[in-house]
1. So which cysteines in the chain don't have a second cysteine's C-beta under 4.7 Å from them?
2. Give the dimensionless ratio obtained when the Cα radius of gyration of the chain is divided by 2.2 N^0.38 Å.
3. With the contact rule set at Cα under 8 Å and sequence spacing of 6 or more, what percent relative contact order holds for the range 4-182?
4. Would you calculate the separation in nanometres between label points at Glu67 and His163, each defined as 7 Å from the Cα along the Cα-to-beta-carbon direction?
5. So how strong a dipole does the chain carry about its Cα centre when Lys and Arg Cβ are +1 and Asp and Glu Cβ are -1, to the nearest 20 debye?
6. Using the Cα atoms as the points, what is the convex hull volume per residue of the range 12-95 in Å³?
7. Students often get this wrong: which residues of the range 142-168 have the backbone nitrogen under 16 Å from the point 7 angstrom along Cα-to-C-beta of Arg135?
8. In vacuum, with every alpha carbon of the range 101-243 counted as one equal point scatterer, what does the Debye formula give for log10 I(q)/I(0) at q = 0.17 Å⁻¹? Two decimals, please.
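Just so it is clear, none of the values below were taken in a lab; they were calculated from the coordinates. Everything numeric in this text was worked out from a predicted model, so none of it was measured. So basically every Cβ, Gly included, is an ideal-geometry build from the backbone, and we count neighbours across all protein chains shown.
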Amino acid sequence: MGMFIKINTDPLKVLESARFTVLWSGGKDSTAALLWVLDHIRHDDWNVLYIEVTGNTHPMCTQYVIETARQLGIYNKLIIRRREDVDFFECLKQYGLPIIRHNRWCLHKFKLPFMLRDAHRVHVLGVRREESRARSLLYSFVVYSMQEDRLLVCPIFDWKSEHVEKYMKEHSVELNPCYSIYGHSGNCMFCPNHSKDKAYKTLLDPEWRAKIVDALKAQRGKHRIVKMWLRLADQIEKTKPLI
């Protein structure tokens, strides 16, 4: 995402007087950030951007976003985008794992073009400090991204996971159904940052397992992440019941 400059200011003060876009992945954190906006912002000059990662986003995630937007009465604010000319798994074969900061091709190829084209210059994110050490160091409640020349507002930065789920329940908003099956939102079915548990649950689905294994076997190097996913896939294949 480029270099960040932390800004010591209140997220509410920024959003009260700004045109902004909520970046919604269908995950619980970005859903909580969206609900926070609905609770706290009184003007109507904002929209919501949902981006599919072509070939790597589960249809259930997209359906969840559409249905929840209708439930919340903001479907008219929702912009859904996806690239039609590229496929995630073909890119994975070609470019390798998107894990190094300068090689985050998944962001630059599938999301950033729409973020720069369709979103306002102020973005609301569901980033939380406890999600990772990297996030705690890079982000704050309000940061300026030098690379994208965008102001990033993270209103739930200090929230815990249980706070997020409680907040959603208080608003009668269900979790994305992908969580109960795969352990994650399904916006990115394969992600090098998925935990071993999430990877295993994802690979239990034969359709996604086939796509993921095919792309990972094409990798030139055997990165530890590649090895983990392929090892888990092999374990699942060996324990499949004989028909």
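1. Cys61, Cys91, Cys106, Cys154, Cys178, each lacking another Cys Cβ under 4.7 Å.
2. Numbers: Rg = 18.4 Å, N = 243, 2.2 N^0.38 = 17.7 Å.
Dividing the Cα Rg of the chain by 2.2 N^0.38 Å gives 1.04.
3. Values: 268 pairs, mean separation 59.3, N = 179.
The value is 33 percent.
4. 2.9
5. Details: 38 positive and 28 negative charges, 205 e Å.
Value, rounded to 20: 980 debye.
6. Details: hull volume 9.8 nm³, N = 84.
Dividing the Cα hull volume of the range 12-95 by its residue count gives 116 Å³.
7. Within reach of a label on Arg135, which here means backbone N under 16 Å from a point 7 Å along Cα→Cβ, the range 142-168 contributes 142-143, 152-168.
8. At q = 0.17 Å⁻¹ the computed log10 ratios are -1.19.
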